[in-house]
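The values are calculated or read from the model by the stated rules, or taken from the named source; none is laboratory data. All values reported here derive from a predicted model rather than from experimental measurement. Cβ placement follows ideal geometry from the backbone for every residue including glycine, while neighbour counts extend to all protein chains displayed. Calculation scope for accessible area: heavy atoms of the full protein, side chains included, ligands and nucleic acids excluded. Shrake-Rupley method; radii C 1.70, N 1.55, O 1.52, S 1.80 Å.
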Amino acid sequence: MRDAMIYLDHAATEPMKECALDALMQASRELYGNASASYGIARAAKSALESARRSLAGYLHADPSGVFFTSGGTESDNQALVAAAEGAGKGHLVVSSIEHEAVLRTAWYLETRGFTVTYLPVDPSGFVSPEDLERDLQEHRDTVLVSVMAANNEVGTIEPVQELSSIAHRHGALFHTDAVQAFGKLDLDVSRDGIDLLSVSAHKIGGPKGTGLLYIRPGISIGALLRGGMQERGRRAGTEAVPAIVSFAAAAKETFREREESNAKMRTLQRHLFEGLKSLHAHVTGPAPGEKRLSNNVSVSFPGIFSDLVLASLDLQGIAASAGSACTTGAVNPSHVILAMTGDEELARGSLRFTLGPENTMEEMDTVLSALKTILCRATCTGKEDTVGQNTHCQETRRFLQ
Ligand code: PLP
């Protein structure tokens, strides 16, 4: 299946790495003991669990005692916000307006529980301004938590986390970052970056779906979201998914071993795809490719052309990409990220996201560009014919052919 298609939706999920699949199978066969029990096979599972915790903590430069396994990014984000807020009892939270729904909807929920929330604006490239945060925290004297993602999932903007966390701390607030897209691509250091809480998901780095972690800085009092057994030192009840966690650690090991090489390769593909898209008159959304944009993110918008139409046509040609917008009951909702960045509904409805992986090739980028050219020509054809070279096209489509 994968050989026949061009997969450009790595930010949605990554194909599982072979090493992660092998680790999953082997651990499922051999480490089936319940890690909370005390006999031999359970101790083996516990030991594999702790070894995965140590190696995953290493990639964050964190103490292993700060790593708590969860079911993934959504649960980690929920726990960070809900447990921090409930621990304080009342007060104010700050989140950026371009967070993933796992943070945004949790913030909306907390508003219904009596908390106040500021949704920080972003500039046209998607950056949160440290000055805006400073101003907001001066106005609110009861801020419990600031949550700004390390890198955005739709447009790849890399936020100034270190600067934002130091402002949060100066005002006595905790700092959480959703690092689901950044983990494995950026150098994250919880001490250097002043991070108290951090979310990671395994399936975004070629690990299995349904597992992830929440880093909680040792010494911080953050309660559980799920109540039950005392697994994960009381912070996350439920039998630990040892095979999935072992597989997560295997995926991370390969990801970090190849990180520089993968980033360099994806940057080359990213530049090529952007150049080709610009020649199709795409409107680039997010920052210029470079240090402040994830290496694998290419997001553009074709104003006036709905993204669902383009995506369906790409799909027919075996190309998997996605929109910034979510499709609900047939209606395309404009991307909240593009809306927050630009305020332009047409751009937000036409937004397309191509997220690359290290296995993608230059030939695939060219195939996508040529498929897009045909799709855009068809989508904009007015029927009024005009001649370009030997071929006849309508006037509107000429702009894609120059
Ligand atoms: N946060 C970000 C930035 C994401 O991109 C995603 C997934 O798309 C999530 C959170 C949710 O992660 P999970 O799928 O592991 O629940």
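Taking the listed residues 233, 227, the one that is part of a loop (DSSP other than H, G, I, E, B), surrounded by fewer than 19 Cβ atoms within 10 Å (Cβ to Cβ), away from the ligand (no atom under 13 Å from the Cβ) and among the charged types (D, E, K, R) is 227, with no other qualifying.
Of 88, 45, all but one fail to be in contact with a helix residue (DSSP H, G or I) (Cβ under 8 Å, 6 or more places away or on another chain) and either crowded, with 17+ Cβ neighbours inside 10 Å or not hydrophobic (A, V, I, L, M, F, W, C) (or both); the exception is 45.
Condition (residue is more than 11 Å from the ligand (Cβ to nearest atom) and more than 23 Å from residue 287 (Cα to Cα)) applied to the stretch 152-167: is it met by at least one residue? Yes, that holds for at least one residue.
Among the conditions (1) more than 16 Å from the ligand (Cβ to nearest atom); (2) in contact with a Lys or Arg (Cβ under 9 Å, 6 or more places away or on another chain); (3) open to solvent by less than 30 Å² (accessible area, probe 1.4 Å); (4) closer than 19 Å to residue 286 by Cα, residue 130 misses just one, which is (2).
Criterion applied to 232, 154, 240 was being under 18 Å from residue 127 (Cβ atoms) and of a type in the set (Asp, Glu), and the one residue passing it is 154.
Within the stretch 281-314, being among the β-branched types (Val, Ile, Thr), open to solvent by less than 10 Å² (accessible area, probe 1.4 Å) and in a strand (DSSP E or B) holds for 298, 300. Screening the stretch 60-78 for residues that are among the hydroxyl-bearing types (Ser, Thr, Tyr) and surrounded by fewer than 21 Cβ atoms within 10 Å (Cβ to Cβ) and picking the one that is farthest from the ligand (Cβ to nearest atom) gives 65. If the condition is being open to solvent by less than 40 Å² (accessible area, probe 1.4 Å) and away from the ligand (no atom under 16 Å from the Cβ), then the stretch 20-39 contributes 23, 27, 31, 33, 35, 37. Of all residues in the stretch 92-115, those satisfying the criterion of being away from the ligand (no atom under 16 Å from the Cβ) and open to solvent by 10 Å² or more (accessible area, probe 1.4 Å) are 111, 112, 113, 114, 115. Pairing residues of the stretch 5-24 that are closer than 15 Å to residue 296 by Cβ with residues that are more than 16 Å from the ligand (Cβ to nearest atom) and among the β-branched types (Val, Ile, Thr), at Cβ distances under 6 Å and at least 6 apart in sequence or on separate chains, gives 6/319.
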